[in-house]
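**Q** One structure coming up, written as C-alpha coordinates, with questions to follow.
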Amino acid sequence: MELTVLDQNNDAAAAAAGGCSTGSCGTTDDQMSHLPDSIREKVENHPCYSEEAHHYFARMHVAVAPACNIQCHYCNRKYDCSNESRPGVVSELLTPDQAVMKTKAVAANIPQMTVLGIAGPGDPLANPERTFETFRRLSEEAPDIKLCVSTNGLALPESVDELAKHNIDHVTITINTVDPDIGAQIYPWIYWNNRRIRGRRGAEILIEQQQKGLQMLVDRGILVKVNSVMIPGVNDQHLKEVSRIVKEKGAFLHNVMPLISEPEHGTFYGLMGQRGPEPEELQDLQDECAGDMNMMRHCRQCRADAVGLLGEDRGEEFTIDKIEQMNIDYDAAMQTRKVVHEGIMEELHEKQEKKRRLAAVSVSANDATPQANTRPALMAVATSGGGLINQHFGHATEFLIYEASPAGVRFISHRKVDQYCIGNDSCGEKESALAGSIRALKGCEAVLCSKIGYEPWSLLEEAGIVPNGEHAMEPIEEAVLAVYQEMAAEGKLEEPQPEAAVSQTASA
Ligand code: CLF
Ligand code: SF4
(Lines give C-alpha, C1' and ligand atoms only; values in the text may rest on other atoms or scores of the structure.)
(Ligands and ions follow the chains in the order given, each with its own letter.)
Protein backbone atom coordinates (compact mmCIF):
# COMPACT_ATOMS: atom_id res chain seq x y z
CA MET A 1 0.00 0.00 0.00
CA GLU A 2 1.29 3.45 -0.89
CA LEU A 3 0.00 6.55 0.83
CA THR A 4 0.74 10.20 0.47
CA VAL A 5 0.60 13.24 2.67
CA LEU A 6 -2.56 14.65 1.18
CA ASP A 7 -2.63 18.22 0.01
CA GLN A 8 -6.42 18.35 -0.26
CA ASN A 9 -6.11 20.37 -3.37
CA ASN A 10 -8.66 21.39 -5.86
CA ASP A 11 -7.15 23.59 -8.47
CA ALA A 12 -10.39 24.51 -10.16
CA ALA A 13 -11.93 25.58 -6.89
CA ALA A 14 -8.73 27.36 -6.07
CA ALA A 15 -8.74 29.44 -9.18
CA ALA A 16 -12.32 30.46 -8.62
CA ALA A 17 -11.62 31.33 -5.03
CA GLY A 18 -8.91 33.74 -5.84
CA GLY A 19 -5.99 31.44 -6.34
CA CYS A 20 -5.92 29.33 -3.22
CA SER A 21 -5.66 25.69 -3.99
CA THR A 22 -6.51 23.59 -0.99
CA GLY A 23 -9.81 22.09 -0.06
CA SER A 24 -9.04 22.38 3.59
CA CYS A 25 -7.87 25.70 4.73
CA GLY A 26 -6.58 28.17 2.28
CA THR A 27 -3.11 27.10 1.55
CA THR A 28 -0.74 24.36 2.45
CA ASP A 29 2.59 23.13 1.22
CA ASP A 30 3.41 22.79 -2.43
CA GLN A 31 0.21 24.27 -3.82
CA MET A 32 1.36 27.55 -2.34
CA SER A 33 3.79 27.66 -5.23
CA HIS A 34 0.87 27.79 -7.69
CA LEU A 35 -0.41 31.04 -6.25
CA PRO A 36 0.50 34.33 -7.86
CA ASP A 37 3.41 35.85 -5.93
CA SER A 38 1.29 38.75 -4.72
CA ILE A 39 -1.19 36.38 -3.05
CA ARG A 40 1.36 33.89 -1.83
CA GLU A 41 3.16 36.64 0.04
CA LYS A 42 -0.08 37.61 1.77
CA VAL A 43 -0.88 34.07 2.79
CA GLU A 44 2.25 32.08 3.48
CA ASN A 45 3.02 33.57 6.90
CA HIS A 46 -0.53 34.38 7.98
CA PRO A 47 -1.55 31.81 10.62
CA CYS A 48 -5.26 32.02 9.81
CA TYR A 49 -5.04 32.02 6.01
CA SER A 50 -2.60 29.10 5.84
CA GLU A 51 -3.04 25.92 7.86
CA GLU A 52 0.62 25.18 7.49
CA ALA A 53 1.70 28.64 8.66
CA HIS A 54 -0.28 28.31 11.87
CA HIS A 55 2.21 25.80 13.20
CA TYR A 56 4.98 28.41 12.96
CA PHE A 57 3.64 31.96 12.90
CA ALA A 58 1.70 33.79 15.59
CA ARG A 59 -0.94 36.50 15.58
CA MET A 60 -2.05 39.04 18.12
CA HIS A 61 -5.18 41.08 18.61
CA VAL A 62 -5.47 44.49 20.21
CA ALA A 63 -8.79 45.23 21.87
CA VAL A 64 -9.37 48.84 20.81
CA ALA A 65 -12.96 48.59 19.55
CA PRO A 66 -15.56 48.45 22.33
CA ALA A 67 -18.78 49.46 20.52
CA CYS A 68 -20.93 47.47 18.15
CA ASN A 69 -23.54 48.52 15.61
CA ILE A 70 -25.60 45.31 15.58
CA GLN A 71 -26.83 42.75 18.07
CA CYS A 72 -26.21 39.06 17.49
CA HIS A 73 -28.16 36.51 19.50
CA TYR A 74 -24.89 34.74 20.33
CA CYS A 75 -23.28 37.81 21.87
CA ASN A 76 -23.33 39.32 25.30
CA ARG A 77 -21.60 42.70 25.42
CA LYS A 78 -19.67 41.65 28.51
CA TYR A 79 -17.80 39.19 26.32
CA ASP A 80 -15.54 39.33 23.28
CA CYS A 81 -17.12 39.50 19.86
CA SER A 82 -18.22 35.96 19.13
CA ASN A 83 -17.72 36.66 15.45
CA GLU A 84 -14.01 36.36 15.94
CA SER A 85 -13.51 35.38 19.54
CA ARG A 86 -14.50 32.87 22.09
CA PRO A 87 -16.51 34.28 24.93
CA GLY A 88 -14.35 35.65 27.73
CA VAL A 89 -13.89 39.13 29.00
CA VAL A 90 -11.23 41.28 27.40
CA SER A 91 -8.66 41.84 30.07
CA GLU A 92 -7.78 45.38 29.02
CA LEU A 93 -9.42 47.76 26.60
CA LEU A 94 -6.62 49.70 24.91
CA THR A 95 -6.25 53.18 23.48
CA PRO A 96 -4.61 53.31 20.04
CA ASP A 97 -1.45 54.54 21.71
CA GLN A 98 -1.37 51.59 24.10
CA ALA A 99 -2.23 49.24 21.25
CA VAL A 100 0.79 50.41 19.23
CA MET A 101 3.06 50.08 22.27
CA LYS A 102 1.76 46.58 22.99
CA THR A 103 2.09 45.46 19.37
CA LYS A 104 5.72 46.55 19.21
CA ALA A 105 6.46 44.86 22.54
CA VAL A 106 4.92 41.58 21.40
CA ALA A 107 6.60 41.75 17.98
CA ALA A 108 9.98 42.29 19.62
CA ASN A 109 9.52 39.44 22.11
CA ILE A 110 7.71 36.97 19.85
CA PRO A 111 9.47 37.51 16.51
CA GLN A 112 7.36 34.83 14.82
CA MET A 113 4.31 37.09 15.34
CA THR A 114 3.49 38.23 11.82
CA VAL A 115 -0.09 39.52 12.03
CA LEU A 116 -1.84 42.17 14.07
CA GLY A 117 -5.60 41.86 13.99
CA ILE A 118 -8.35 44.06 15.35
CA ALA A 119 -11.32 41.88 16.13
CA GLY A 120 -13.23 43.50 18.95
CA PRO A 121 -14.40 43.28 21.60
CA GLY A 122 -17.14 45.03 19.55
CA ASP A 123 -16.99 45.71 15.82
CA PRO A 124 -13.76 47.41 14.65
CA LEU A 125 -15.53 49.39 11.92
CA ALA A 126 -18.11 50.67 14.39
CA ASN A 127 -15.13 52.31 16.13
CA PRO A 128 -13.46 53.81 13.08
CA GLU A 129 -11.33 56.47 14.79
CA ARG A 130 -9.73 54.06 17.25
CA THR A 131 -9.34 51.29 14.69
CA PHE A 132 -7.87 53.39 11.90
CA GLU A 133 -5.62 55.41 14.20
CA THR A 134 -4.11 52.11 15.39
CA PHE A 135 -3.69 50.83 11.83
CA ARG A 136 -2.30 54.15 10.57
CA ARG A 137 0.38 54.28 13.23
CA LEU A 138 1.33 50.64 12.88
CA SER A 139 1.61 50.79 9.10
CA GLU A 140 4.09 53.65 9.60
CA GLU A 141 5.98 52.47 12.68
CA ALA A 142 5.93 48.68 12.25
CA PRO A 143 5.76 48.08 8.50
CA ASP A 144 6.88 44.46 8.84
CA ILE A 145 3.59 43.45 10.49
CA LYS A 146 0.60 42.38 8.42
CA LEU A 147 -2.61 44.16 9.38
CA CYS A 148 -5.88 42.28 9.61
CA VAL A 149 -9.41 43.19 10.62
CA SER A 150 -12.60 41.32 11.33
CA THR A 151 -16.04 42.89 10.98
CA ASN A 152 -19.75 42.12 10.91
CA GLY A 153 -19.77 44.08 7.62
CA LEU A 154 -22.46 46.67 8.36
CA ALA A 155 -20.07 49.61 8.05
CA LEU A 156 -17.81 47.92 5.54
CA PRO A 157 -18.62 49.65 2.23
CA GLU A 158 -17.83 53.11 3.59
CA SER A 159 -14.63 51.80 5.23
CA VAL A 160 -13.07 50.09 2.23
CA ASP A 161 -11.11 53.12 1.01
CA GLU A 162 -9.68 53.69 4.46
CA LEU A 163 -8.76 50.01 4.80
CA ALA A 164 -6.95 50.09 1.47
CA LYS A 165 -5.13 53.29 2.48
CA HIS A 166 -3.52 51.58 5.48
CA ASN A 167 -2.36 48.50 3.55
CA ILE A 168 -4.80 46.21 5.28
CA ASP A 169 -4.90 43.29 2.93
CA HIS A 170 -6.74 40.72 5.05
CA VAL A 171 -10.36 41.33 5.99
CA THR A 172 -12.73 38.88 7.64
CA ILE A 173 -16.47 39.41 7.27
CA THR A 174 -18.83 37.37 9.41
CA ILE A 175 -21.64 36.28 7.11
CA ASN A 176 -24.07 33.93 8.77
CA THR A 177 -26.73 34.09 6.10
CA VAL A 178 -27.75 35.62 2.79
CA ASP A 179 -31.46 35.21 3.60
CA PRO A 180 -33.15 38.04 5.59
CA ASP A 181 -35.68 35.63 7.11
CA ILE A 182 -32.87 33.57 8.59
CA GLY A 183 -31.04 36.79 9.46
CA ALA A 184 -34.02 37.95 11.52
CA GLN A 185 -33.55 34.84 13.69
CA ILE A 186 -29.91 35.73 14.35
CA TYR A 187 -29.90 39.54 14.55
CA PRO A 188 -32.65 41.19 16.61
CA TRP A 189 -31.54 44.67 15.48
CA ILE A 190 -28.96 46.76 13.72
CA TYR A 191 -28.06 50.41 14.30
CA TRP A 192 -28.10 52.11 10.92
CA ASN A 193 -28.15 55.79 9.95
CA ASN A 194 -28.77 56.78 13.57
CA ARG A 195 -31.77 54.47 13.90
CA ARG A 196 -32.33 51.08 15.42
CA ILE A 197 -33.85 48.82 12.79
CA ARG A 198 -35.35 45.56 13.95
CA GLY A 199 -36.23 42.20 12.50
CA ARG A 200 -36.20 41.24 8.84
CA ARG A 201 -35.51 44.74 7.51
CA GLY A 202 -32.44 45.09 9.74
CA ALA A 203 -31.11 41.73 8.58
CA GLU A 204 -31.78 42.68 4.97
CA ILE A 205 -29.69 45.85 5.25
CA LEU A 206 -26.88 43.98 7.00
CA ILE A 207 -26.80 41.33 4.27
CA GLU A 208 -26.76 43.97 1.52
CA GLN A 209 -23.89 45.81 3.20
CA GLN A 210 -21.91 42.59 3.69
CA GLN A 211 -22.26 41.55 0.08
CA LYS A 212 -21.46 45.02 -1.20
CA GLY A 213 -18.41 45.28 1.05
CA LEU A 214 -17.19 41.84 -0.03
CA GLN A 215 -17.39 42.84 -3.67
CA MET A 216 -15.58 46.14 -3.07
CA LEU A 217 -12.74 44.42 -1.22
CA VAL A 218 -12.33 41.78 -3.90
CA ASP A 219 -12.30 44.50 -6.57
CA ARG A 220 -9.39 46.13 -4.74
CA GLY A 221 -7.44 42.89 -4.46
CA ILE A 222 -7.87 42.64 -0.67
CA LEU A 223 -8.06 39.04 0.56
CA VAL A 224 -11.38 38.24 2.17
CA LYS A 225 -12.07 35.46 4.59
CA VAL A 226 -15.71 34.79 5.47
CA ASN A 227 -16.52 33.53 8.94
CA SER A 228 -19.88 31.90 9.58
CA VAL A 229 -21.26 30.76 12.92
CA MET A 230 -23.01 27.41 12.53
CA ILE A 231 -26.28 27.54 14.45
CA PRO A 232 -28.10 24.19 14.30
CA GLY A 233 -31.69 24.53 13.19
CA VAL A 234 -31.19 28.17 12.17
CA ASN A 235 -28.58 28.44 9.42
CA ASP A 236 -26.85 25.05 9.29
CA GLN A 237 -28.73 23.88 6.19
CA HIS A 238 -28.20 27.26 4.55
CA LEU A 239 -24.44 27.70 4.99
CA LYS A 240 -23.62 25.67 1.90
CA GLU A 241 -25.46 28.29 -0.11
CA VAL A 242 -23.56 31.04 1.71
CA SER A 243 -20.31 29.28 0.87
CA ARG A 244 -21.24 29.02 -2.79
CA ILE A 245 -22.19 32.68 -3.04
CA VAL A 246 -19.16 34.11 -1.28
CA LYS A 247 -16.89 31.93 -3.35
CA GLU A 248 -18.55 33.17 -6.51
CA LYS A 249 -17.91 36.73 -5.37
CA GLY A 250 -14.21 35.98 -4.85
CA ALA A 251 -13.82 35.32 -1.11
CA PHE A 252 -10.54 33.53 -0.51
CA LEU A 253 -11.48 31.31 2.40
CA HIS A 254 -14.53 30.20 4.39
CA ASN A 255 -14.35 29.53 8.12
CA VAL A 256 -17.43 27.79 9.53
CA MET A 257 -17.23 28.02 13.32
CA PRO A 258 -19.39 26.32 15.92
CA LEU A 259 -21.88 28.39 17.92
CA ILE A 260 -20.72 28.84 21.50
CA SER A 261 -23.81 29.10 23.67
CA GLU A 262 -23.06 28.16 27.26
CA PRO A 263 -25.92 29.53 29.41
CA GLU A 264 -23.44 31.10 31.85
CA HIS A 265 -22.33 33.52 29.13
CA GLY A 266 -25.75 35.11 29.31
CA THR A 267 -26.36 35.33 25.56
CA PHE A 268 -29.89 35.13 24.13
CA TYR A 269 -29.12 31.78 22.52
CA GLY A 270 -27.45 30.51 25.69
CA LEU A 271 -30.45 31.42 27.82
CA MET A 272 -32.92 30.04 25.27
CA GLY A 273 -31.16 26.67 25.20
CA GLN A 274 -30.02 26.96 21.57
CA ARG A 275 -27.38 24.29 21.20
CA GLY A 276 -24.11 24.48 19.30
CA PRO A 277 -23.15 21.81 16.77
CA GLU A 278 -21.47 18.53 17.68
CA PRO A 279 -17.93 18.19 16.26
CA GLU A 280 -19.17 15.64 13.70
CA GLU A 281 -21.94 18.00 12.51
CA LEU A 282 -19.41 20.80 12.07
CA GLN A 283 -17.03 18.55 10.19
CA ASP A 284 -19.78 17.26 7.92
CA LEU A 285 -20.84 20.78 7.04
CA GLN A 286 -17.23 21.85 6.44
CA ASP A 287 -16.80 18.86 4.15
CA GLU A 288 -20.00 19.71 2.27
CA CYS A 289 -18.93 23.33 1.83
CA ALA A 290 -15.45 22.25 0.76
CA GLY A 291 -16.78 21.20 -2.61
CA ASP A 292 -17.53 24.84 -3.28
CA MET A 293 -14.96 26.63 -1.24
CA ASN A 294 -11.56 26.53 0.47
CA MET A 295 -12.32 25.86 4.09
CA MET A 296 -10.47 26.94 7.21
CA ARG A 297 -10.55 24.23 9.85
CA HIS A 298 -7.89 25.40 12.28
CA CYS A 299 -9.70 28.43 13.75
CA ARG A 300 -9.45 28.63 17.54
CA GLN A 301 -12.18 31.27 17.99
CA CYS A 302 -9.65 33.41 19.78
CA ARG A 303 -10.22 36.30 22.14
CA ALA A 304 -10.15 39.89 20.98
CA ASP A 305 -6.90 40.31 22.94
CA ALA A 306 -5.24 36.98 22.09
CA VAL A 307 -1.45 36.81 21.73
CA GLY A 308 0.68 33.95 20.39
CA LEU A 309 0.32 30.90 18.20
CA LEU A 310 -3.29 29.97 17.45
CA GLY A 311 -4.47 27.92 20.39
CA GLU A 312 -2.16 29.57 22.90
CA ASP A 313 -2.70 32.80 24.76
CA ARG A 314 0.30 34.70 26.06
CA GLY A 315 -1.65 37.86 26.81
CA GLU A 316 -0.70 37.75 30.48
CA GLU A 317 2.95 38.39 29.56
CA PHE A 318 2.02 41.65 27.86
CA THR A 319 -0.30 43.55 30.17
CA ILE A 320 0.02 47.34 29.99
CA ASP A 321 1.88 47.58 33.28
CA LYS A 322 4.40 44.99 32.06
CA ILE A 323 5.02 46.54 28.65
CA GLU A 324 5.48 49.95 30.18
CA GLN A 325 8.57 48.51 31.86
CA MET A 326 9.95 47.18 28.55
CA ASN A 327 12.44 49.19 26.57
CA ILE A 328 11.79 48.31 22.94
CA ASP A 329 14.13 49.29 20.11
CA TYR A 330 11.81 48.47 17.22
CA ASP A 331 14.35 49.07 14.46
CA ALA A 332 16.64 46.47 16.03
CA ALA A 333 13.67 44.17 16.61
CA MET A 334 12.75 44.37 12.92
CA GLN A 335 16.21 43.08 11.98
CA THR A 336 15.84 40.10 14.31
CA ARG A 337 12.33 39.45 13.07
CA LYS A 338 13.50 39.43 9.48
CA VAL A 339 16.12 36.78 10.24
CA VAL A 340 13.62 34.66 12.19
CA HIS A 341 11.00 34.88 9.42
CA GLU A 342 13.52 33.95 6.76
CA GLY A 343 14.61 30.96 8.85
CA ILE A 344 11.04 29.75 9.26
CA MET A 345 10.27 30.21 5.57
CA GLU A 346 13.38 28.27 4.65
CA GLU A 347 12.29 25.43 6.92
CA LEU A 348 8.79 25.53 5.47
CA HIS A 349 10.03 25.45 1.90
CA GLU A 350 12.29 22.48 2.68
CA LYS A 351 9.34 20.70 4.22
CA GLN A 352 7.17 21.45 1.20
CA GLU A 353 9.85 20.22 -1.14
CA LYS A 354 10.13 16.99 0.85
CA LYS A 355 6.36 16.50 0.66
CA ARG A 356 6.39 17.06 -3.08
CA ARG A 357 9.07 14.41 -3.51
CA LEU A 358 7.18 11.99 -1.27
CA ALA A 359 3.95 12.61 -3.22
CA ALA A 360 5.71 12.06 -6.54
CA VAL A 361 7.16 8.76 -5.37
CA SER A 362 3.81 7.64 -4.00
CA VAL A 363 1.92 8.55 -7.16
CA SER A 364 4.28 6.58 -9.36
CA ALA A 365 4.13 3.61 -7.00
CA ASN A 366 0.34 3.84 -6.90
CA ASP A 367 0.22 3.51 -10.68
CA ALA A 368 1.64 0.04 -10.29
CA THR A 369 0.24 -0.99 -6.92
CA PRO A 370 -3.49 -1.15 -6.23
CA GLN A 371 -4.37 0.39 -2.87
CA ALA A 372 -5.23 -1.94 -0.05
CA ASN A 373 -8.76 -2.14 1.18
CA THR A 374 -8.25 0.06 4.22
CA ARG A 375 -10.67 2.43 5.84
CA PRO A 376 -9.85 5.95 7.02
CA ALA A 377 -8.82 6.49 10.65
CA LEU A 378 -8.78 9.57 12.88
CA MET A 379 -5.64 10.26 14.87
CA ALA A 380 -4.99 12.85 17.56
CA VAL A 381 -1.70 14.70 17.82
CA ALA A 382 -0.12 16.60 20.72
CA THR A 383 2.01 19.47 19.47
CA SER A 384 3.27 22.75 20.80
CA GLY A 385 4.00 24.13 17.32
CA GLY A 386 6.57 23.81 14.59
CA GLY A 387 4.54 21.12 12.82
CA LEU A 388 6.10 18.45 15.04
CA ILE A 389 4.97 15.76 17.48
CA ASN A 390 6.59 17.55 20.39
CA GLN A 391 4.24 17.62 23.35
CA HIS A 392 3.74 15.36 26.35
CA PHE A 393 0.23 13.88 26.41
CA GLY A 394 -0.35 15.33 29.86
CA HIS A 395 0.71 18.84 28.87
CA ALA A 396 -1.66 19.15 25.94
CA THR A 397 -4.48 21.68 26.19
CA GLU A 398 -5.71 20.70 22.75
CA PHE A 399 -5.18 17.89 20.27
CA LEU A 400 -5.03 18.33 16.52
CA ILE A 401 -7.13 15.75 14.71
CA TYR A 402 -5.95 14.27 11.43
CA GLU A 403 -7.68 11.84 9.14
CA ALA A 404 -5.45 9.23 7.51
CA SER A 405 -6.81 7.25 4.59
CA PRO A 406 -5.49 5.50 1.50
CA ALA A 407 -5.60 8.93 -0.16
CA GLY A 408 -3.27 10.47 2.42
CA VAL A 409 -3.34 12.57 5.58
CA ARG A 410 -5.48 15.64 6.12
CA PHE A 411 -6.03 18.02 9.00
CA ILE A 412 -9.62 17.88 10.26
CA SER A 413 -10.00 19.97 13.40
CA HIS A 414 -8.74 20.54 16.91
CA ARG A 415 -10.27 19.48 20.20
CA LYS A 416 -9.68 21.35 23.42
CA VAL A 417 -8.98 19.50 26.68
CA ASP A 418 -8.08 20.45 30.23
CA GLN A 419 -4.42 19.98 30.93
CA TYR A 420 -4.33 17.27 33.58
CA CYS A 421 -0.59 16.87 34.24
CA ILE A 422 0.23 20.01 36.17
CA GLY A 423 2.61 18.53 38.68
CA ASN A 424 0.00 17.96 41.36
CA ASP A 425 -0.44 14.24 41.68
CA SER A 426 -2.75 14.27 44.61
CA CYS A 427 -5.89 15.94 43.42
CA GLY A 428 -9.04 14.33 42.22
CA GLU A 429 -9.28 16.97 39.50
CA LYS A 430 -6.40 15.27 37.75
CA GLU A 431 -8.46 12.14 37.28
CA SER A 432 -11.46 13.96 35.91
CA ALA A 433 -9.31 16.03 33.53
CA LEU A 434 -7.69 12.84 32.27
CA ALA A 435 -11.09 11.25 31.81
CA GLY A 436 -12.16 14.42 29.98
CA SER A 437 -9.15 14.20 27.66
CA ILE A 438 -9.95 10.63 26.80
CA ARG A 439 -13.60 11.51 26.20
CA ALA A 440 -12.51 14.35 23.90
CA LEU A 441 -10.57 11.86 21.81
CA LYS A 442 -13.68 9.80 21.07
CA GLY A 443 -13.58 8.46 17.53
CA CYS A 444 -9.77 8.63 17.31
CA GLU A 445 -7.91 5.36 16.88
CA ALA A 446 -4.47 6.56 17.95
CA VAL A 447 -2.91 9.48 19.78
CA LEU A 448 0.60 10.61 18.92
CA CYS A 449 2.62 12.54 21.46
CA SER A 450 6.24 12.98 22.51
CA LYS A 451 5.74 11.12 25.80
CA ILE A 452 2.94 9.61 27.81
CA GLY A 453 2.64 8.26 31.34
CA TYR A 454 1.65 4.75 32.36
CA GLU A 455 -1.77 5.73 33.72
CA PRO A 456 -3.09 7.52 30.63
CA TRP A 457 -1.51 4.83 28.45
CA SER A 458 -3.62 2.14 30.11
CA LEU A 459 -6.79 4.23 30.11
CA LEU A 460 -6.38 5.09 26.44
CA GLU A 461 -5.93 1.43 25.57
CA GLU A 462 -9.05 0.57 27.56
CA ALA A 463 -10.89 3.22 25.51
CA GLY A 464 -9.69 1.60 22.28
CA ILE A 465 -7.24 4.39 21.42
CA VAL A 466 -3.67 3.36 20.65
CA PRO A 467 -1.16 5.59 22.50
CA ASN A 468 1.99 6.24 20.50
CA GLY A 469 5.14 7.99 21.71
CA GLU A 470 7.45 6.60 19.05
CA HIS A 471 7.43 9.57 16.72
CA ALA A 472 8.63 12.33 19.03
CA MET A 473 10.01 15.35 17.16
CA GLU A 474 8.90 14.00 13.78
CA PRO A 475 6.81 16.05 11.34
CA ILE A 476 3.12 15.51 12.10
CA GLU A 477 1.82 14.30 8.74
CA GLU A 478 4.70 11.90 8.22
CA ALA A 479 4.24 10.44 11.71
CA VAL A 480 0.48 10.04 11.23
CA LEU A 481 1.10 8.38 7.91
CA ALA A 482 3.64 5.99 9.44
CA VAL A 483 1.24 4.98 12.24
CA TYR A 484 -1.56 4.52 9.72
CA GLN A 485 0.63 2.27 7.60
CA GLU A 486 1.62 0.22 10.65
CA MET A 487 -2.01 -0.20 11.67
CA ALA A 488 -2.96 -1.14 8.12
CA ALA A 489 -0.12 -3.65 7.93
CA GLU A 490 -1.36 -5.22 11.16
CA GLY A 491 -4.79 -5.63 9.57
CA LYS A 492 -6.47 -3.22 11.98
CA LEU A 493 -7.98 -1.04 9.28
CA GLU A 494 -9.69 -3.40 6.92
CA GLU A 495 -13.03 -2.20 5.60
CA PRO A 496 -15.77 -4.42 7.04
CA GLN A 497 -17.15 -6.59 4.28
CA PRO A 498 -20.83 -6.09 3.45
CA GLU A 499 -22.99 -8.78 5.04
CA ALA A 500 -24.05 -10.29 1.71
CA ALA A 501 -20.44 -10.67 0.68
CA VAL A 502 -19.60 -12.27 4.02
CA SER A 503 -22.40 -14.83 3.75
CA GLN A 504 -21.52 -15.61 0.12
CA THR A 505 -17.93 -16.17 1.14
CA ALA A 506 -19.10 -18.36 4.01
CA SER A 507 -21.40 -20.46 1.84
CA ALA A 508 -18.70 -20.82 -0.81
FE1 CLF B 1 -7.12 37.79 14.00
FE2 CLF B 1 -9.01 36.96 12.49
FE3 CLF B 1 -7.03 38.29 11.45
FE4 CLF B 1 -6.68 35.81 12.30
S5 CLF B 1 -7.97 35.47 14.17
S6 CLF B 1 -8.46 39.10 12.88
S7 CLF B 1 -7.99 36.45 10.60
S8 CLF B 1 -5.39 37.56 12.75
FE9 CLF B 1 -7.91 33.32 13.09
FE10 CLF B 1 -8.57 33.58 15.59
FE11 CLF B 1 -10.05 32.09 13.98
FE12 CLF B 1 -9.99 34.66 13.73
S13 CLF B 1 -7.97 31.70 14.58
S14 CLF B 1 -10.74 33.59 15.49
S15 CLF B 1 -9.85 33.17 12.09
FE1 SF4 C 1 -21.30 40.92 19.43
FE2 SF4 C 1 -19.61 40.89 17.39
FE3 SF4 C 1 -22.24 40.47 16.97
FE4 SF4 C 1 -21.34 42.88 17.63
S5 SF4 C 1 -20.88 41.76 15.75
S6 SF4 C 1 -23.11 41.82 18.51
S7 SF4 C 1 -19.69 42.42 19.09
S8 SF4 C 1 -20.85 39.13 18.13
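**Q** Averaging over every viewing direction, what projected area does the convex hull of the Cα atoms of the range 15-323 cover, in nm²? Mind showing how you got there, number by number?
**A** Numbers: hull surface 56.4 nm².
For the range 15-323, averaging the hull's shadow over all directions gives 14.1 nm².
**Q** Taking the mean number of other Cβ atoms within 10 Å as a proxy for protection, how do you rank 137-148, 318-329 from highest to lowest?
**A** 137-148, 318-329
**Q** Using a simple spin-label model with points 7 Å from Cα along the Cα→Cβ vector, what separation in nm is obtained for A67 and K354?
**A** Output for this residue pair reads 5.2 nm.
**Q** Quick one: 3J(HN,Hα) in Hz for the range 68-73, Karplus 6.51/-1.76/1.60 with θ = phi - 60°, rounded, Gly and Pro as x.
**A** 9, 10, 9, 10, 9, 6
**Q** Rounded to the nearest 0.05, what FRET efficiency is calculated for D284 and K492 with R0 set to 35 Å and r the Cβ-Cβ distance?
**A** Efficiency at R0 = 35 Å is approximately 0.90.
**Q** Expressed in nm to one decimal, what extension gain is obtained for the pair E41 and K212 from 0.36 nm per residue of sequence separation less their Cα-Cα distance?
**A** Using 0.36 nm per residue and subtracting the Cα-Cα distance, I get 59.0 nm.
**Q** Please work out the average accessible area per residue across the range 74-232, using the 1.4 Å probe convention, and give it in Å².
**A** 35
**Q** My understanding is that a pair violates if its Cα-Cα distance is over 30 Å; which of K42/K240; K165/K354; K104/K225; K225/K351; K146/K322 do that in this structure?
**A** The pairs that break the limit, which is 30 Å between Cα atoms, are K165/K354.
**Q** Give the carbon-plus-sulfur fraction of the accessible surface of the range 198-340 in %, rounded to a whole number; probe 1.4 Å, heavy atoms of protein chains only.
**A** Roughly 48 percent, rounded to a whole number.
**Q** So what are the ³J(HN,Hα) numbers for the range 208-224, from phi and the Karplus equation (6.51, -1.76, 1.60; θ = phi - 60°), rounded to whole Hz, Gly and Pro as x?
**A** Along the range 208-224, the couplings run 4, 5, 4, 5, 5, x, 4, 4, 5, 5, 4, 4, 8, x, 8, 6, 10 Hz.
**Q** Full extension from D321 to K240: what is 0.36 nm times the residue separation minus their Cα-Cα distance, to one decimal in nm?
**A** Here the answer is 24.6 nm.
**Q** Solvent-accessible area of V218, probe 1.4 Å, all protein chains present, reported in Å² to the nearest ten, please.
**A** So the heavy atoms of V218 present about 40 Å² to solvent.
**Q** Also: If R0 is 35 Å, what FRET efficiency do you get for E470 and R439 from their C-beta distance, rounded to 0.05?
**A** Here the calculated transfer efficiency is 0.90.
**Q** Under 5 Å between amide H atoms, partner at least 5 residues away or on a different chain: which partners does D169 have, H built in plane at 1.01 Å?
**A** HN-HN under 5 Å from D169: L147.
**Q** Hey, rough spin-label estimate for A164 and K249, points 7 angstrom out along Cα→Cβ, what's it come to in nanometres?
**A** 1.7
The values are calculated or read from the model by the stated rules, or taken from the named source; none is laboratory data. Quick caveat: nothing in here was measured; it's all calculated off a predicted structure. Note that we place each Cβ from the backbone using ideal geometry, even for glycine, and neighbour counts take in every protein chain shown. Heads up: the accessible areas ignore ligands, DNA and RNA and are worked out on the full protein's heavy atoms, side chains in. Shrake-Rupley method; radii C 1.70, N 1.55, O 1.52, S 1.80 Å.
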